[in-house]
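These notes concern the structure reproduced below.
The values are calculated or read from the model by the stated rules, or taken from the named source; none is laboratory data. Here the structure is a predicted model, which is why all the values come from computation and not from measurement. Because the Cβ atoms are built from the backbone with ideal geometry, glycine has one as well, and the counts that use them run over all protein chains shown. Note: accessible area is taken over every heavy atom of the protein model, side chains too, but ligands, DNA and RNA are not part of it. Shrake-Rupley method; radii C 1.70, N 1.55, O 1.52, S 1.80 Å.
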Amino acid sequence: MAASLRLFGAASGLRYWSRRLRPAVSSLAAVCSRSVASKTPVGFIGLGNMGNPMAKNLMKHGYPLIIYDVFPDACKEFQDAGEQVVSSPADVAEKADRIITMLPTSINAVEAYSGANGILKKVKKGSLLIDSSTIDPAVSKELAKEVEKMGAVFMDAPVSGGVGAARSGNLTFMVGGVEDEFAAAQELLGCMGSNVVYCGAVGTGQAAKICNNMLLAISMIGTAEAMNLGIRLGLDPKLLAKILNMSSGRCWSSDTYNPVPGVMDGVPSANNYQGGFGTTLMAKDLGLAQDSATSTKSPILLGSLAHQIYRMMCAKGYSKKDFSSVFQFLREEETF
């Protein structure tokens, strides 16, 4: 908790801001003109590939925003659209009693809440703090204790669905916290997602997300291997994808986020694996799954192998590419 605020966002390998994702300021201002002036401001901290479209969907639903990101450029289009930008998480807490955080790692989340300029320095009693980062469940529980001491409420609400779902407002939120506060959280989260699921006590949202992302990593590697094998056997990749998606091998990685360039439009594989969900972040999430498996004595044989593959990818220059670049990695690797 003593880490400097620079660490909160300075690890550039953990955050990928794609200027491609930014619409023109004029169009953003147009969609965010409000007819509901009575809605109270919502704080939003963390405007990366996921946080950016999530915050925009809150704006579309008429919520004024109090914005902070460690990278000032990430705030510019919001400021130009009339949203209030402040200089620290503490300043967000001073001006808003409902705050959503969307950060890359446990370290970032701890700094944003408990750091020298963190939320807890100026949090108001009765505030609702929702963390949509994917972090260690144990860290969520510790943050909840610190928040409770300040008379506020903490809920973990990590998301699934990727950048596409974040843009369209169709994310799935997995929420952990006091059940009596779920309705209040659901009001905000429903502006950004089509599924808001209560999972139980603080930390259970993170537990669900970690399990989901472990399965996602495994299925993406499996899809990439199957596609690579089929192509080397002489199959057209689009035909193979079509067959997989009407057969028992169908999964999200094959029918919505196919890793092979040229098979689908609008996915990272169609753009040299830029944007989307970074390989570094997937490796981080698989590390959380590995830690959780160790603490619960749960065998995750494929999960552990997936972790090693994504760590190897990070070491070989794939850290800033989308995690579906595992297909490219496999194409370039003759042996492990």
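Please state the relative contact order of the stretch 268-317 as a whole percent: Cα pairs under 8 Å, 6+ residues apart?
On the way: 25 pairs, mean separation 20.0, N = 50.
Computed value for the stretch 268-317: 40 percent relative contact order.
In degrees between 0 and 90, to the nearest 10, how far off the longest principal axis of the chain does helix 204-232 point, with axes built from Cα atoms?
With both axes taken from Cα atoms, the answer is about 30 degrees.
Per 0.36 nm of contour for each residue apart, how much would the distance between Lys316 and Ala201 grow if the chain were fully extended, relative to their Cα-Cα spacing?
Working: separation 115, 0.36 × 115 = 41.40 nm, distance 3.90 nm.
Gain in length upon complete extension: 37.5 nm.
Just to be sure I understand: with springs between alpha-carbon atoms less than 10 Å apart, which residue in Gly115, Gly262, Gly222 has the highest mean-square fluctuation in the Gaussian network model of the chain?
Gly262
How long is the gain from Asp180 to Lys60 if the chain were fully straight, where each residue apart is worth 0.36 nm and the alpha carbon distance is subtracted? Write down the numbers at each step before the final one.
Details: separation 120, 0.36 × 120 = 43.20 nm, distance 2.68 nm.
Residue separation times 0.36 nm, minus the Cα-Cα distance, leaves 40.5 nm.
Name the most mobile residue of Lys76, Lys284, Lys141, meaning the one with the largest mean-square fluctuation, in a Gaussian network model of the chain with Cα contacts below 10 Å.
The residue with the greatest mean-square fluctuation here is Lys76.
For the chain, what is the accessible area per residue in Å² when the probe is 1.4 Å? Provide the component values of the computation, followed by the final result.
Values: 14670 Å² over 336 residues.
Value returned for the chain: 44 Å² of accessible area per residue.
What ranking, highest mean first, results for peptides 224-231, 199-206, 43-50 when packing means the other Cβ atoms within 10 Å averaged over each residue? Walk me through the numbers before you get to the answer.
Details: 224-231: 17.8, 199-206: 21.5, 43-50: 26.9.
Averaged packing, sorted descending, gives the order 43-50, 199-206, 224-231.
Carbon and sulfur together cover what percent of the accessible area of the stretch 209-330 at a 1.4 Å probe radius? The partial results should precede the final answer.
Numbers: 3440 of 5740 Å².
Here carbon and sulfur together make up 60 percent of the probe-accessible area.
Calculate the translational D of the stretch 70-200 in whole µm² s⁻¹ from Stokes-Einstein, where the hydrodynamic radius comes from the Kirkwood formula applied to all Cα pairs, the temperature is 25 °C and the viscosity 0.890 mPa s. Write down the numbers at each step before the final one.
On the way: Rh = 15.1 Å.
For the chosen part, D equals 163 µm²/s.
With only Lys, Arg, Asp and Glu charged, each at its Cβ (+1 for the first two, -1 for the last two), find how big the charge dipole of the chain is about the Cα centre; round to the nearest 20 debye. Let's see the in-between values first.
Working: 32 positive and 29 negative charges, 92 e Å.
Rounded to the nearest 20 debye, it is 440 debye.
To the nearest 10 degrees, how steep is helix 301-315 against the longest Cα principal axis of the chain, on a 0 to 90 scale?
80
With +1 on the Cβ of every Lys and Arg and -1 on the Cβ of every Asp and Glu, and nothing else charged, how large is the dipole of the stretch 42-202 about its Cα centre, in debye rounded to the nearest 20? Could you put the intermediate results ahead of the total?
Details: 13 positive and 19 negative charges, 33 e Å.
Dipole about the Cα centre, nearest 20: 160 debye.
Taking springs between alpha-carbon atoms closer than 10 angstrom, which of Val267, Val92, Val178 fluctuates most in the Gaussian network model of the chain?
Val178
Summing +1 for each Lys or Arg and -1 for each Asp or Glu, what net charge is found among the other residues whose Cβ lies under 11 Å from the Cβ of Val42?
Working: positive: Lys39, Lys95, Arg98; negative: Glu83, Asp97, Glu187.
Once positives and negatives cancel, what remains is 0.
Three principal axis extents, largest first, for the C-alpha atoms of the stretch 209-330, in Å?
44, 30, 23
Per the Kirkwood treatment, what hydrodynamic radius in Å, one decimal, follows for the chain from the mean inverse distance over all distinct Cα pairs? Walk me through the numbers before you get to the answer.
On the way: mean 1/r = 0.0489 Å⁻¹.
When all Cα pairs of the chain are included, the Kirkwood radius is 20.5 Å.
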